[in-house]
1. If you take the square roots of the eigenvalues of the alpha-carbon gyration tensor of the range 255-300 and sort them as a ≥ b ≥ c, do you get rounded (a/c under 1.5), prolate (a/b over b/c) or oblate?
2. By its C-alpha gyration tensor, with a ≥ b ≥ c as the square roots of the eigenvalues, how is the range 188-246 shaped: rounded for a/c under 1.5, else prolate for a/b larger than b/c, else oblate?
3. Skip the ligands, DNA and RNA, and give the accessible area per residue of the range 305-415 with a 1.4 Å probe, whole Å².
4. Could you compute how much accessible surface TYR416 exposes when probed at 1.4 Å, giving the result in Å² to the nearest 10?
5. Keeping all protein chains in the complex and leaving out DNA, RNA and ligands, what accessible area do you get for THR180 with a 1.4 Å probe, in Å² to the nearest 10?
6. Find the accessible area per residue for the range 197-275; the probe is 1.4 Å, ligands and nucleic acids are left out, and the unit is Å².
7. Just the number please: accessible area per residue for the range 109-181, 1.4 Å probe, all protein chains included, in Å².
8. When only C-alpha pairs under 8 Å and at least 6 residues apart count, what is the relative contact order of the range 106-258, in percent?
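The values are calculated or read from the model by the stated rules, or taken from the named source; none is laboratory data. Keep in mind the model is a prediction, meaning the values are calculated, not measured. Note: ideal-geometry Cβ built from the backbone for every residue, glycine included; neighbour counts use all protein chains shown. To get the accessible areas, we keep the full protein, side chains included, count just its heavy atoms, and leave off ligands, DNA and RNA. Shrake-Rupley method; radii C 1.70, N 1.55, O 1.52, S 1.80 Å.
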Amino acid sequence: MKLFQTFTKQSQKINRDIYELAKKEYEEDAKQFKFLQKGQYEQYKQLTPQYDEKMKQFNIEKQQIQEKLKLAQKQDFKEKLKEQYDFDIDGVQKQEEFERNQQKLEKEKKMKEKEKKTVIPSKIEIRNLKSKQNQNKLILIGIQRNNAIHAQYLYDAMLSLKPNIISTQISCDQPLFIRTEQNYQDTWKNFIFQNNQQPFLINPNPQRLQDIILNSDKLKWFMTNNIGLNPQFDVSPIYIEESVNIENETINLIDNMKSPFLFGHNFGTPVIVAGAPELRIRETIARNNSEKELYNILCLKKKSVSEGSQLKFDPLLLKPNIFIRPRLKYEVEILKQMQRTFKRSLAIVEYNSVNLIEEQWLQFGEEKLCQDFTQLYDEKQPIQNFDLYLKKLAILDILLGPFIYDNFIKYETFPYEYDFGFKLSMMQQWDSIIFKLKSNQYEFYQIFS
């Protein structure tokens with residue numbers, strides 16, 4: 001009570017004039033009432049303005065004093081509680097604040113522990129590709145394409161990161177992206193034989209980023225028709241599985257590069273088909289590398305097949321300079337344009353290309369954006385002999401998958417311009433080369449010709 005009493009005395013002393021004024025005004029008010037009773041209204045009317053001004057000032061001062069007294073009473077009440085009951089209101093408030101902070105710290109600690117427990121599976125690489133141009137975020141995740149464990153981790157990562165856009169390292173010239181309302185392979189066959197202008201969901205020979213973006217409408221079409229109507233695909237909640245034929249045996253393989261299509265369809269996230277066009281890349285490899293070098297890699301593949309370890313053979317990992325570097329300039333340009341266009345981007349690539357992509361990013365990531373993607377491919381050496389060129393393309397079909405045969409040769413068409421005629425039908429000549437390659441009857445061009 002001491003503080004309250006002290007403050008009250010000080011307030012009375014400091015504001016003595018105000019209290020005296022209040023008393024005086026009260027007495028004057030009483031007089032005015034008497035004046036009114038006696039009918040002396042004019043005299044009251046003259047005194048009223050002065051009285052009203054003084055009372056207004058007095059009420060202001062009085063309100064200020066009351067507020068100060070309330071604060072003093074509150075503080076005095078705290079002291080009384082502490083003195084009589086050893087109860088500290090400020091201490092309780094501080095304790096509550098301390099407990100709230102502790103709960104916040106515990107929550108943060110649990111989050112960090114949870115992050116530590118989230119073990120990144122082996123053969124997954126993660127990079128944060130930054131640019132001085134802006135503060136946009138681009139996360140690069142390298143995975144193994146057919147790894148089931150990676151499928152779960154990848155889907156969880158997409159859910160957690162909530163990207164504005166996702167890119168996947170699938171070639172944009174795959175027949176899979178032809179617009180269809182039936183099995184896409186039938187539509188592709190009609191396209192080849194009829195030589196019509198069948199529309200594609202994306203541009204197989206893109207010039208700018210917009211050419212290879214699947215928005216929500218295109219993703220809906222793609223998942224409903226191109227994937228949904230094709231019996232070789234099986235869609236699970238988190239990945240797409242595909243039936244493939246390897247050495248006359250059909251097996252089901254998870255394709256993690258197709259997972260972004262499923263995620264984008266479910267959550268409305270656009271997807272960039274960011275892989276370099278396969279036809280362009282194979283042409284570059286065939287023109288710029290020797291027959292002997294490619295054949296030696298094929299011999300290693302044949303050896304792995306004989307040892308029962310075909311699925312472990314990876315020519316890209318074995319010779320990245322031959323199989324990955326021709327794609328890098330194109331694919332890094334896609335990443336640059338993503339990073340400068342979207343606030344949060346996620347790029348999914350093959351595990352074995354992550355370090356090379358990062359190396360190219362550090363070297364060329366700040367360069368000016370390309371206005372025409374067709375200018376991004378390596379310079380191609382001229383074709384000196386068409387038979388030799390055809391053999392190298394056949395070797396690549398065995399090493400990298402029968403892309404040229406399945407989509408062109410078996411329909412008696414050839415995807416590249418050439419000035420040489422086929423000795424037999426296109427498919428017969430191709431089959432002859434493949435047979436010799438697989439049966440150890442192959443001879444190098446210098447001897448074979």
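1. Values: a/c = 7.65, a/b = 2.65, b/c = 2.89.
Verdict is oblate for the range 255-300.
2. Taking the square roots of the gyration eigenvalues as a ≥ b ≥ c, the range 188-246 is oblate.
3. Numbers: 5130 Å² over 111 residues.
That works out to 46 Å² per residue.
4. Result for TYR416: roughly 20 Å² accessible.
5. Near enough 0 Å² of accessible area.
6. On a per-residue basis, 46 Å².
7. Numbers: 4170 Å² over 73 residues.
For the range 109-181, the per-residue accessible area is 57 Å².
8. Working: 164 pairs, mean separation 32.8, N = 153.
Computed value for the range 106-258: 21 percent relative contact order.
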